[in-house]
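Structure record follows, encoded as structure tokens.
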Amino acid sequence: MSHKVGVLLSGCGYLDGAEIHESVCTLLALDEAGVEAICMATDTEFDVVNHITEEPTGERRNVLVEASRIARGKIREVKDVSADELDALVLPGGYGAAKNLSDFAMKGTGMTVDPDVESLVKNVHAAGKPIGAICIAPAIISKLLPGVSLTIGNDADTAAALESMGTSHCECAVTDFVVDKENKVVSTPAYMLGPWVNDVHQGIRKCVQETLAMVG
């Protein structure tokens, strides 16, 4: 019986949702490992950003509907996913993690996390199941699991913000990962560092593999 790993998406597109390369690399690494991915997202609205001009369009879209593009329609609402049915959880990055799943992009250390996301992450952790966090998604883990060790690469301001929330930040190359074995949290910088898909994929594959290695 194959493992089931939740993949928590935050939309579709790095400026206002889930980073597409990171999401696909995560799904590929899970598929290579023979693991079933359970894609999920919040049924909430977000402000759209034009990915050419990097300017807001004034349009609003739905996180779940947009994330379904990456999941090819096979997706569920976060609130309908139980930690009991998962062996692990992985959070790809993209600004959606800091805008849609939380408000870290707007409020920094005063951030809050979507209640359904908070509940799932805490329940997965409480069950002793591993969590992988990619790019800026470690900010969510930092808020919800104080005292954890993780990485967002080497951005000093972001690292300082996470450390002020009780996190032990470790600098890390894009092709590598940081593991907190006690808390069963694995993280990798991905597009916090870049520069492009191959480097990002190397780090994400290792992050996913290490996350799966901690599945009980």
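FYI, it's all coordinate maths here, none of it is from the lab. Owing to the predicted nature of the structure, the values given are computational and were not obtained by experimental measurement. Counting neighbours? That spans all protein chains shown, and the Cβs are built from the backbone with ideal geometry, glycine included.
Under the criterion of Cα pairs below 8 Å and six or more residues apart, the relative contact order for segment 42-112 equals 24 percent. Short-range pairs are left out: with C-alpha atoms under 8 Å and at least six residues apart, the relative contact order of the chain is 20 percent. Within segment 67-99, the trypsin sites (Lys or Arg not before Pro) that combine a DSSP coil assignment with at most 11 other C-beta atoms in a 10 angstrom radius are ARG72, LYS74. In summary, the lysines within cross-link reach of LYS107, defined as a Cα separation below 25 angstrom excluding same-chain residues under 8 places away, comprise LYS79, LYS99, LYS122, LYS143. Based on every Cα atom in segment 4-213, Rg and the maximum pairwise Cα distance Dmax equal 15.1, 44 Å.
Overall, segment 4-213 carries a charge dipole of about 360 debye about its Cα centre when +1 sits on the Cβ of Lys and Arg and -1 on the Cβ of Asp and Glu, all other atoms neutral. From least to most packed, judged by other beta carbons within 10 angstrom and beginning with the fewest, GLU22, GLU118 follow the order GLU118, GLU22. Inter-label distance, HIS51 to LEU28: 1.6 nm, where each label sits 7 Å from its Cα along the C-beta direction. Arranged from fewest to most other beta-carbon atoms within 10 Å of their beta carbon, ILE204, ILE20 become ILE20, ILE204. Listed by Cβ neighbour count within 10 Å, with the fewest neighbours leading, CYS170, CYS135 appear as CYS170, CYS135.
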